[in-house]
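Chemist: Here it is: the structure, laid out below.
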Amino acid sequence: MKPFKERTRRGATAVYRHPVLVRATHWVNALCLLVLLLSGLQILNAHPAFYWGEVARFAHPIAAIDAVPRADGELRGRMTVAGATFDTTGVLGASKSGGEQLQARAFPSWLTLPGYLDLGAGRRWHFFFAWALVINGLIYAAFALASGRIRGLIWPSLGDLRGIVRDIWDHLRLRFAHGDAGYNVLQKLAYAAVIFGLLPLMLLTGLVMSPAVYARLPILGDLLGGRQSARTLHFLAASGLVSFVVVHLAMVVAAGPVNEIRSMITGWFVIRREKKTP
Ligand code: HEM
């Protein structure tokens with residue numbers, strides 16, 4: 001990868017860290033993932049339970065969300081994970097979702113797209129944005145590989161990995177390497193895990209759930225332990241992405257949101273402010 005362009009203006013040195021293609025694909029990616037999450041929860045509302053293997057053993061889900069009536073006639077929302085039960089009334093299982101009364105609904109209206117129950121519409125949103133995400137991801141991957149961005153900026157070197165303990169210690173003290181033009185090792189590991197782990201796993205498990213793809217390539221299902229396993233892994237990959245985004249946003253805020261977000265809009269990332277001489 002070529003060294004970053006650098007400029008000094010009004011006492012600040014900045015590097016051109018994000019080319020236009022990276023910025024455009026980054027924001028399209030963020031939009032696609034938001035729509036995929038909300039429409040995915042709409043689809044999950046139709047059958048909010050997970051299983052392992054090829055077929056669903058309805059009596060033995062790994063995890064499930066449902067609503068049960070209480071003695072006073074009200075509904076109670078319930079989530080069961082590996083046999084342990086949690087009361088989730090108001091959010092999962094039973095929520096008001098715009099009305100006065102609690103209604104049986106796995107995910108509330110503010111977490112689904114569309115807000116009302118409509119499996120068909122949820123699937124249309126989901127599949128359109130899934131293909132948009134795939135095309136966008138391929139554009140980013142082709143550019144990042146050809147330009148050397150993956151090797152030069154994202155993939156951690158052995159030297160980076162040797163410094164991981166110091167980097168964790170710095171993060172715990174909320175000290176981020178502002179003098180550096182590149183990413184720190186934890187950032188590199190997180191981005192690499194998303195680009196090479198979670199996003200491909202989400203695509204692969206999504207394809208296995210498609211009857212047309214599964215019929216032609218049953219080996220994919222075998223590799224993942226069956227269709228129901230693929231569905232469970234799809235949800236886990238999506239949960240991993242949501243966790244990444246939560247931490248990603250927290251880090252953007254902690255590292256200086258103005259400089260960080262401006263860099264993903266204009267490309268320029270300020271690495272140094274010159275000290276004013278008295
Ligand atoms: C509204 C939500 C988001 C905001 C505000 C945001 C913000 C940013 C910023 C400021 C950077 C540059 C970091 C730096 O230069 O130090 C960045 C990079 C990155 N973000 Fe996000 N992000 C968001 C959502 C996402 C999502 C949903 C993903 C994927 C799951 C994602 C994946 C990445 C990756 C992989 C990079 C590095 C890209 C590269 O340098 O080639 N971001 N983000």
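Chemist: Counting residues that are aromatic (Phe, Trp, Tyr), which strands (runs of 3 or more DSSP E) fully inside the stretch 77-165 reach at least 1? Don't jump to the end; show me each part of the working.
Modeler: Working: elements: 84-87, 93-95, 103-105.
Qualifying strands (runs of 3 or more DSSP E): 84-87.
Chemist: What number goes with the only condition from (1) closer than 20 Å to residue 232 by Cβ; (2) at pLDDT 95 or above; (3) not charged (D, E, K, R) that residue 83 does not pass?
Modeler: (2)
Chemist: Within the stretch 13-61, which residues are within 16 Å of the ligand (Cβ to nearest atom), of a type in the set (Gly, Ala, Ser) and surrounded by 18 or more Cβ atoms within 10 Å (Cβ to Cβ)?
Modeler: Of everything in the stretch 13-61, those that are within 16 Å of the ligand (Cβ to nearest atom), of a type in the set (Gly, Ala, Ser) and surrounded by 18 or more Cβ atoms within 10 Å (Cβ to Cβ) turn out to be 14, 39, 40.
Chemist: Being within 10 Å of the ligand (Cβ to nearest atom), of a type in the set (A, V, I, L, M, F, W, C) and surrounded by 15 or more Cβ atoms within 10 Å (Cβ to Cβ) is the filter here, so list the residues in the stretch 232-244 that pass it.
Modeler: 241, 244
Chemist: Sticking with this one: Which residues, taken from the stretch 128-156, are touching a Cys at 6+ places or on another chain (Cβ under 8 Å) and either among the β-branched types (Val, Ile, Thr) or within 13 Å of the ligand (Cβ to nearest atom) (or both)?
Modeler: Listed by number, the residues that qualify are 129, 133, 136.
Chemist: Same structure, new question: Got a sec? Which of 265, 195, 219 is within 19 Å of the chain's Cα centre (by Cα) and over 26 Å from residue 48 (Cβ atoms)?
Modeler: Details: 265 fails: within 19 Å of the chain's Cα centre (by Cα); 219 fails: within 19 Å of the chain's Cα centre (by Cα).
Exactly one of 265, 195, 219 is within 19 Å of the chain's Cα centre (by Cα) and over 26 Å from residue 48 (Cβ atoms), namely 195.
Chemist: Now for a different question. From the residues in the stretch 247-272 that are charged (D, E, K, R) and out of contact with any Ser or Thr (no Cβ under 6 Å at 6 or more places or on another chain), which one is nearest to the ligand (Cβ to nearest atom)? Spell out the reasoning first.
Modeler: Taking the stretch 247-272 first, the residues charged (D, E, K, R) are 260, 262, 272.
After this cut, where a residue has to be out of contact with any Ser or Thr (no Cβ under 6 Å at 6 or more places or on another chain) as well, the list is 260, 262.
Values: 260: 4, 262: 8 Å.
Checking each candidate, the answer is 260.
Chemist: Further, regarding this structure: Could you identify the single residue in 198, 174, 204 that is surrounded by 13 or more Cβ atoms within 10 Å (Cβ to Cβ) and touching a residue at least 40 places away in the same chain (Cβ under 8 Å)?
Modeler: On the way: 174 fails: surrounded by 13 or more Cβ atoms within 10 Å (Cβ to Cβ); 204 fails: touching a residue at least 40 places away in the same chain (Cβ under 8 Å).
Within the list 198, 174, 204, the selection yields 198.
Chemist: Now for a different question. List every residue pair whose Cβ atoms sit under 7 Å apart, with the two residues 6 or more apart in sequence or on different chains, where the first one lies in the stretch 248-272 and is in the same structural domain as residue 10 (by TED's automatic domain parsing) and assigned to a helix (DSSP H, G or I) and the second, anywhere, is within 9 Å of the ligand (Cβ to nearest atom) and aromatic (Phe, Trp, Tyr).
Modeler: So the pair list comes out as 255/176; 259/269; 263/269.
Chemist: Counting only residues that are within 26 Å of the chain's Cα centre (by Cα) and of a type in the set (A, V, I, L, M), which one in the stretch 85-104 is surrounded by the most Cβ atoms within 10 Å (Cβ to Cβ)?
Modeler: Top of the filtered list is 94.
Chemist: On the given criteria, is residue 229 at pLDDT 95 or above, surrounded by fewer than 13 Cβ atoms within 10 Å (Cβ to Cβ) and more than 8 Å from the ligand (Cβ to nearest atom)? Give the steps one after another, and end with the answer.
Modeler: Numbers: at pLDDT 95 or above: yes; surrounded by fewer than 13 Cβ atoms within 10 Å (Cβ to Cβ): no; more than 8 Å from the ligand (Cβ to nearest atom): yes.
So residue 229 fails the test.
The values are calculated or read from the model by the stated rules, or taken from the named source; none is laboratory data. Bear in mind that the values here come from a model prediction, so they are computed numbers and not experimental data. Counting neighbours? That spans all protein chains shown, and the Cβs are built from the backbone with ideal geometry, glycine included.
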